[in-house]
Every structure is written in C-alpha cells, then in structure tokens.
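Remarks on the structure that follows.
The values are calculated or read from the model by the stated rules, or taken from the named source; none is laboratory data. If you're wondering where the values come from, they're calculated on a predicted model, not measured in any experiment. Cβ placement follows ideal geometry from the backbone for every residue including glycine, while neighbour counts extend to all protein chains displayed. What goes into the accessible areas is simple: the full protein's heavy atoms, side chains included, and nothing from ligands, DNA or RNA. Shrake-Rupley method; radii C 1.70, N 1.55, O 1.52, S 1.80 Å.
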Amino acid sequence: MAEVKTAAAKPSNAQGNAGKPKNSSNFGINFILVLCCIAAGILIYSFVLGNAGNFQDALKEKPKNFMGTMYSGGFVVPILMATLLTLLCFIVERALTVFKAKGKMDGGEFVRKVQYHLANKNVDAAIAECDKQSGSVGNVMRSGLVKYREMTTNNELDTEQKVLSIQNEIEESTALELPVLEKNLVFLSTIASCATLLGLFGTVMGMIRSFSAMSQAGAPDATALASGISEALINTALGISTSFIAIIAYNFFTTIIDGITYSIDESGFTLTQVFAANYK
C-alpha cells in the first residue's frame, strides 16, 4: 500500500520539541486503548462465546450454535477479536478527525471564494471564509492570509521576499496540520497485514489438531477432527475479514487525506500567486 505523500516542510526544532509531550501522551492513550481491546477480546471469548448455553456438553466440545463454533476456534480467536476491536476503535477515531479536518466546504469552492475576495483586495472577507470552512485547508489558508495582510503594509521587504515569507508561513502551518491527519493510520496498515497472518497461524494450529486426530491408531477421533477443522476455518474467517476491513478503511482515509493535501497545496499556490500579481 502506498504511503500518503506530502510536500510539506518539516517543522522547526522549536515546534518539534513542543510536540514531543503530546506525542508521548498519544502513545500512552493508544497503548491503554490496545490493552482495553485485548481485555475485551478475552472477556468476550471467555464469557460470551464460552457460555455453557452455547454447547451441548459440559466440556464445551460440541457447539450448539455459531458462538459455540467460534469458541472452538481456540486461543487465537480472542487475539483476533482484540485486533478487530482495536481496528474499529481507530476507524472511529480517524473518521471523526479526518471528516472534521475536511471542513464544511469543498476545497475547490473554498479556494475560488478566497480568490474572489483577494482579487477585490478584501483580505478580511477571505479570512472570514477560512473561519466558515473550519477545516485543515481553512486553517492553513488563514495563517497564510494573516501573513498576507501583514505583508501588504510591509515597506521593508521587496515583493519576492514577501511572497517567500507567505510561502514559509503556509509550509509551517501545513507541517502542523498533516501529522494530525496521518496519525494512527499506521495502526490500520499494520492490522491489515498482521490480521491475515494471525488467521493463518490459527489455521495452521487447527490443521495440526485435525491431522493429529487422523493419525491416531484405529478409528480417527471424529470429535477432535471436527474441532480442528472448526478452529482452522474460524481463524481464517476472522483474520481475512479483519484484514479486509482494515484495507478498505486505510485506502478510504488516505484518499480523503490526499484530497485535503491537494487542496492545501492549491490554496497555498493561489495565495502566493495572487499576492505577486496584486503587489508587484
């Protein structure tokens, strides 16, 4: 899967140092979330899927319904369930963040409105449009417009230096916005790869049980054989479905982020070009 590519400049050392406590805090929250999902997966496996009512016998070897069949998948099932719960949590978190960052107005429409106001040299109206957009594109454009307004009254720099100052302001704002959009996507891509491998591991364990039952002297143990096959198939199904959801979510969010990044680049280019044209 391709990574999201951006043309953003790296933040300054001061900004990077200021962000370290926040990154540590995010790591701690994510770690606690993963632990909670693991605990939830174990509890669901033990008390929901492993409920005595889901089996025909006290030893829980003969499932009576689908939940009992899932329980027969073995110790890999709670791990896969924890992985699925973690995936769903990060999908919700990314959806809330990315859709908020997308803003209330289409990027192309927003840029056209800003261009109109700048053509009339009404910077305050253009800034008001940024507040209405209330997304990442609006935030970056607002920072650029504030610097734009400052440069219109600056008599010490020439036009080229003013344009460079505006461009640097936009790049710094972009460098602060993009990490928020891309945060936690690594969890989705990692789960997309690891869930399939976990399912494959559970499948192998199930097949080992099945062949072990078949290798016994005399008549094969039909119960052990069926249990091993169930373990293999359940783990395969859980692993593939979790990986499928992760891949779809990752590609969906990266597509939206690519659109936001394109709008940010377009707005920054527009701002510098308009200034260069209006204040030669």
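With respect to (1) touching a helix residue (DSSP H, G or I) at 6+ places or on another chain (Cβ under 9 Å); (2) exposed (fewer than 13 other Cβ atoms within 10 Å of the Cβ); (3) part of a helix (DSSP H, G or I), the lone exception for ALA125 is condition (2).
Of the residues making up region 102-116, those that are in a helix (DSSP H, G or I) and open to solvent by 70 Å² or more (accessible area, probe 1.4 Å) number 6. Residues satisfying the criterion are absent from region 212-221 (criterion: touching a residue at least 40 places away in the same chain (Cβ under 8 Å), open to solvent by 60 Å² or more (accessible area, probe 1.4 Å) and over 21 Å from VAL76 (Cβ atoms)). Taking first residues from region 231-254 that are without any contact (Cβ under 8 Å) to a residue 60 or more places away in the chain and under 15 Å from ASN184 (Cα atoms) and partners that are among the β-branched types (Val, Ile, Thr) and assigned to a helix (DSSP H, G or I), no Cβ contact under 6 Å between residues at least 6 apart in sequence or on separate chains turns up. A single member of LEU225, LEU200 is touching a residue at least 24 places away in the same chain (Cβ under 8 Å) and either farther than 30 Å from LYS147 by Cα or out of contact with any strand residue (DSSP E or B) (no Cβ under 9 Å at 6 or more places or on another chain) (or both), and it is LEU200.
Looking across LEU238, LEU233, one residue alone is open to solvent by 40 Å² or more (accessible area, probe 1.4 Å) and assigned to a helix (DSSP H, G or I). It is LEU233. Being hydroxyl-bearing (Ser, Thr, Tyr), over 21 Å from ILE257 (Cβ atoms) and touching a helix residue (DSSP H, G or I) at 6+ places or on another chain (Cβ under 8 Å) holds for only one residue in SER143, SER165, and it is SER165.
Among residues of region 129-158 being over 17 Å from LYS280 (Cα atoms) and open to solvent by 40 Å² or more (accessible area, probe 1.4 Å), the one that is modelled with the lowest pLDDT is SER134. Filtering region 253-271 to residues that are of a type in the set (Ser, Thr, Tyr), open to solvent by 20 Å² or more (accessible area, probe 1.4 Å) and under 15 Å from the mean Cα position of the chain (by Cα) leaves only THR255. When VAL180, VAL186, VAL204, VAL274 are screened for being closer than 23 Å to GLN133 by Cβ, part of a helix (DSSP H, G or I), open to solvent by 60 Å² or more (accessible area, probe 1.4 Å) and hydrophobic (A, V, I, L, M, F, W, C), only VAL180 passes.
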